[in-house]
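The values are calculated or read from the model by the stated rules, or taken from the named source; none is laboratory data. Being a predicted model, the structure only gives us computed values, none of them experimental. Positions of Cβ are backbone-derived with ideal geometry, glycine not excepted, and every protein chain shown enters the neighbour counts.
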Amino acid sequence: MEYETVRTERAGRALWITLNRPDKLNAFNEQMGVDLLEALREGEKSAEARCLVITGEGKAFSVGEDLNTNRSSYDSGKPVRLGEVIQRKYNPIVARIRRMEKPVLAAVNGVTAGAGLGLALACDLRAASDKATFHEAFIKVGLAPDSGTSFWLTRILGLGRAMEVGLLGEPIDAQKAMSLGLVNWVFPDGEFRERSAAMAERLAKGPTKAMGLTKRALNRAVVVDVESALEYEMYLQDVAGRTRDHAEGVKAFFDKREPNFVGE
């Protein structure tokens, strides 16, 4: 499909979704919220796309909300009902990524801030260019965290470090982000696309049905007690044990060869 503010393209078995407002550092206006959500739906239902990658065009991943969208309200002194904006634009995107039973990789090519950081953190895995920077920028404009950042920062960093990031709003470079656990890999900028694509293809070659069930288990495990997690793991493993990929994985193990997973 053609979109106004995002671009989609297949690369192997991965669908790349590129935020495409480079002159605005890929800040979100209303259209980009609509386009990204629809592109995610497209990728989710596509049998050919076994992994999704979200990245940005130009020198930014995304700096979050385009404040110019509400410029007239700010200039007039009228309060902007940001809760409605979040409910309409950002929360459905974050929820779609977390519910999707396919791996989603954020390829963070440059600066990311605010809701852009929330988008990156919502993804299952994050690869960063060594030129990328991360900004929990809400405090800089007198706002509280949104787009899932409070949820993920607390779980990734722990409460004390999340407070530091949220209350000070200082930029975090790629290497520090790696040491904090905010990203999984940092690649040299000149190799960033190629190495991110290799990781996406590795994910796409995997048992994507089992990956979807793994996402379900881990999503639930961060918000429930251990007994509930054990119960849910038992249910999901019963589902996984009946898949073609499980049978293929065991056969490949016995045959001493690489499995050929099909995502079923």
Legend entry - Inter-residue pairs, beta-carbon under 7 Å, first in the same structural domain as Ser147 (by TED's automatic domain parsing) and in the stretch 30-43, second of a type in the set (Asp, Glu), 6+ apart: Gln31/Glu4; Asp35/Glu4
Legend entry - The one condition in (1) more than 18 Å from the chain's Cα centre (by Cα); (2) crowded, with 16+ Cβ neighbours inside 10 Å; (3) of a type outside the set (A, V, I, L, M) that Thr55 fails to fulfil: (1)
Inset, instruction - Please find, within the stretch 91-112, the residue that is farthest from Ala217 (Cα to Cα) out of those that are among the charged types (D, E, K, R) and surrounded by fewer than 23 Cβ atoms within 10 Å (Cβ to Cβ). - result: Arg96
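Just a yes or no: is a residue in the stretch 15-27 in a strand (DSSP E or B), assigned by TED's automatic domain parsing to the domain that holds Ala197 and within 19 Å of Ile172 (Cβ to Cβ)? Full working, then the answer.
The first filter runs over the stretch 15-27 and keeps only residues in a strand (DSSP E or B), leaving 15-19.
Then drop every residue that is not assigned by TED's automatic domain parsing to the domain that holds Ala197, which leaves 15-19.
The next check asks that each one be within 19 Å of Ile172 (Cβ to Cβ); those that pass are none.
Looking for residues that are in a strand (DSSP E or B), assigned by TED's automatic domain parsing to the domain that holds Ala197 and within 19 Å of Ile172 (Cβ to Cβ), one finds none in the stretch 15-27, hence no.
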Inset, instruction - Quick one: Val223 ticks every box in (1) without any contact (Cβ under 8 Å) to a residue 40 or more places away in the chain; (2) within 27 Å of Phe138 (Cα to Cα); (3) surrounded by 12 or more Cβ atoms within 10 Å (Cβ to Cβ) except a single one, so which number is it? - result: (3)
Inset, instruction - Could you identify the single residue in Glu248, Glu258 that is under 27 Å from Ala47 (Cβ atoms) and not in a helix (DSSP H, G or I)? - result: Glu258
Legend entry - Failed item in (1) over 22 Å from Leu203 (Cβ atoms); (2) in contact with a Phe, Trp or Tyr (Cβ under 9 Å, 6 or more places away or on another chain); (3) of a type in the set (Gly, Ala, Ser), with Ala106 passing the rest: (1)
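Considering every residue within the stretch 189-207, establish whether at least one is at pLDDT 85 or above, on the phi < 0 side of the Ramachandran plot and touching a His at 6+ places or on another chain (Cβ under 9 Å). Walk me through it before giving the result.
Quick first cut of the stretch 189-207, residues at pLDDT 85 or above only: 189-207.
Next cut, on the phi < 0 side of the Ramachandran plot only: 189-207.
The next check asks that each one be touching a His at 6+ places or on another chain (Cβ under 9 Å); those that pass are 207.
Yes, the conditions are met somewhere in the stretch 189-207.
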Inset, instruction - Mind listing whichever residues of the stretch 127-147 are modelled with pLDDT of 95 or more, hydrophobic (A, V, I, L, M, F, W, C) and in a loop (DSSP other than H, G, I, E, B)? - result: Ala132
Legend entry - Only listed residue being within 30 Å of Glu48 (Cα to Cα), free of Cβ contacts under 8 Å to residues at least 12 places away in the same chain and part of a helix (DSSP H, G or I), chosen from Ala210, Ala198: Ala198
Inset, instruction - Please work out which residue is surrounded by the most Cβ atoms within 10 Å (Cβ to Cβ), limiting yourself to the stretch 2-29 and to residues that are more than 16 Å from the chain's Cα centre (by Cα) and among the polar types (S, T, N, Q). - result: Thr5
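Gly58 - would you say it is farther than 30 Å from Phe261 by Cα and at pLDDT 95 or above? I'd like the intermediate steps shown before the answer.
Values: farther than 30 Å from Phe261 by Cα: yes; at pLDDT 95 or above: yes.
So Gly58 passes the test.
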Inset, instruction - Kindly indicate whether Glu65 is surrounded by fewer than 13 Cβ atoms within 10 Å (Cβ to Cβ) and among the acidic types (Asp, Glu). - result: no
